[in-house]
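Enquirer: Provided herewith is a single structure, encoded as C-alpha cells, for subsequent inquiry.
The values are calculated or read from the model by the stated rules, or taken from the named source; none is laboratory data. Keep in mind it's a predicted model, so treat the numbers as computed, not measured. Neighbour counts are summed over all protein chains in view; Cβ atoms, including those assigned to glycine, are modelled from backbone coordinates with ideal geometry.
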Amino acid sequence: MSGRVGLVGLGVMGRAVAARLTAAGVPVVATSRTPATREAAAAAVPGLVVLGEPASVAAAGPALVLTCLPSGVEVASVATQLVAGLPAGRSLLLVDLSTTAPAEAAALHERLRAGGHRVIDAPVSGGPTGASAGTLSIMAGAVEADLREAEPILAHLGTVVHCGPPGSGQVAKACNQLVVASTLVAVAEALTLAARSGADPALVRAALLGGYAASRVLELQGERMLRGDFEGRGKAGLLAKDVGIIRRLAGEAALGTPVLDAAGAIVDRLAARDPDIDHSAVITIIEEMVP
C-alpha cells in the first residue's frame with residue numbers, strides 16, 4: 001500500500017502512532033477532537049499534516065484511515081463523518097485501533113459494508129511505548145483480503161495476529177485487558193505486601209522479574225508504582241471502560257470471572273477518584289485498604 005494514511009485521534013496513543021508512521025516515511029494526515037490536541041500533535045510530530053475535521057481527512061484521499069479513540073460511540077460517529085467526506089467514487093478502509101465492545105465492532109462492520117466500505121477492528125496492546133518502538137501487539141478482526149491490504153501499514157506499528165472475523169479483534173483485546181487489570185492489581189498487592197513485611201519492594205520486584213511472576217505489567221507499571229509516577233499514560237478511566245466491556249462479554253458467554261470482579265472493583269474505585277490518572281495508581285487504593 002502506498003500513499004498517505006489518515007488518522008483520527010491524537011491523544012497520547014494517537015500521537016505515538018503518528019510519530020512512528022511519519023518516522024517510517026509514511027505520509028500521515030490527521031485530526032483530533034480538540035484544537036489543543038491538534039496543536040500539540042503538530043508541534044510534537046515533524047511532518048504530520050493536521051487538519052480540522054474527520055471529513056477533511058477523508059477528503060484528502062488517504063489509502064486507509066486509522067482511528068484511535070476512547071470509545072465505540074466515538075468511532076461510529078467518526079466513521080459517519082469520514083464516509084461523508086470521501087471524494088466521489090472512493091470507498092473507506094477504516095482500521096480501528098481503539099478498544100471497543102466486540103458487538104460494536106461487528107455492527108460497524110455491517111453498517112459500513114452495506115455502503116461499500118470496509119472496517120478492520122485492530123485494537124492494540126503495548127501502549128505509547130510500544131507504538132513508538134513498533135512493538136505493539138495488534139489483534140485484528142477482519143476479512144482476510146482487507147487485512148492483507150492494511151498489513152504493510154500496520155507492520156510499522158507492531159505484530160499483527162488475525163484473530164478471526166470482524167469483532168474477533170475486540171474479543172482478543174477484552175481477554176488481554178482481563179489479564180492486564182488482574183495482573184495490575186496483583187502487582188500492587190505484591191509490592192505493598194513486600195513493603196509492609198519489612199522487605200524492600202524494589203528488590204522484591206527485581207527478584208520477581210527473574211521468575212514466573214515476570215510480566216510487562218510488573219516491569220513497567222511496577223516501576224511506576226515504586227516511583228509514584230502516575231502521569232496518565234494509561235488512564236484509569238479507560239481501563240475501567242475496558243473492565244465494563246469484559247463484564248458484558250463474560251455475561252453474554254455465561255462465564256464467571258471472580259478474579260476480574262475483584263480487580264475490576266479496585267480499578268473502578270481509582271477511576272471514580274481520578275479518571276485521568278495512570279492506572280498504575282491502583283497501588284494507592286490497595287495501600288488504603290484494611291482487611
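Enquirer: Restricting attention to the range 159-174, which residues are under 16 Å from residue 127 (Cα atoms) and surrounded by fewer than 19 Cβ atoms within 10 Å (Cβ to Cβ)?
Expert: Result: 159, single match.
Enquirer: Report, by residue number, each residue of the range 169-213 that is more than 17 Å from residue 283 (Cα to Cα) and assigned to a loop (DSSP other than H, G, I, E, B).
Expert: Residues satisfying the conditions are 198, 209, 210, 211, 212, 213.
Enquirer: From the residues in the range 1-51 that are among the charged types (D, E, K, R) and within 17 Å of residue 276 (Cβ to Cβ), which one is nearest to the chain's Cα centre (by Cα)? Lay out the reasoning, then the answer.
Expert: Taking the range 1-51 and keeping what is among the charged types (D, E, K, R), we get 4, 15, 20, 33, 38-39.
Restricting the remaining residues to those that are within 17 Å of residue 276 (Cβ to Cβ) gives 15, 33.
Values: 15: 12, 33: 17 Å.
Ranking the candidates gives 15 first.
Enquirer: Within 21 Å of residue 4 (Cβ to Cβ), among the hydroxyl-bearing types (Ser, Thr, Tyr) and not assigned by TED's automatic domain parsing to the domain that holds residue 246: which single residue out of 91, 71, 125 fits that description? Give the derivation first.
Expert: Numbers: 71 fails: within 21 Å of residue 4 (Cβ to Cβ); 125 fails: within 21 Å of residue 4 (Cβ to Cβ).
The match here is 91.
Enquirer: Which pairs have Cβ atoms under 7 Å, sit 6 or more apart or on different chains, and link a residue in the range 211-223 that is closer than 21 Å to residue 239 by Cα to one that is of a type in the set (S, T, N, Q) and surrounded by 15 or more Cβ atoms within 10 Å (Cβ to Cβ)?
Expert: If the second residue must be of a type in the set (S, T, N, Q) and surrounded by 15 or more Cβ atoms within 10 Å (Cβ to Cβ), the pairs left are 215/183; 217/183; 221/280.
Enquirer: Spot the failing condition for residue 201; the list is (1) closer than 22 Å to residue 99 by Cα; (2) surrounded by 19 or more Cβ atoms within 10 Å (Cβ to Cβ), and only one is missed.
Expert: (1)
Enquirer: Where in the range 1-80 are there strands (runs of 3 or more DSSP E), lying fully within it, with 2 or more residues that are in contact (Cβ under 8 Å) with a residue 40 or more places away in the chain, aromatic (Phe, Trp, Tyr) and surrounded by 18 or more Cβ atoms within 10 Å (Cβ to Cβ)?
Expert: Per the criteria, no element qualifies.
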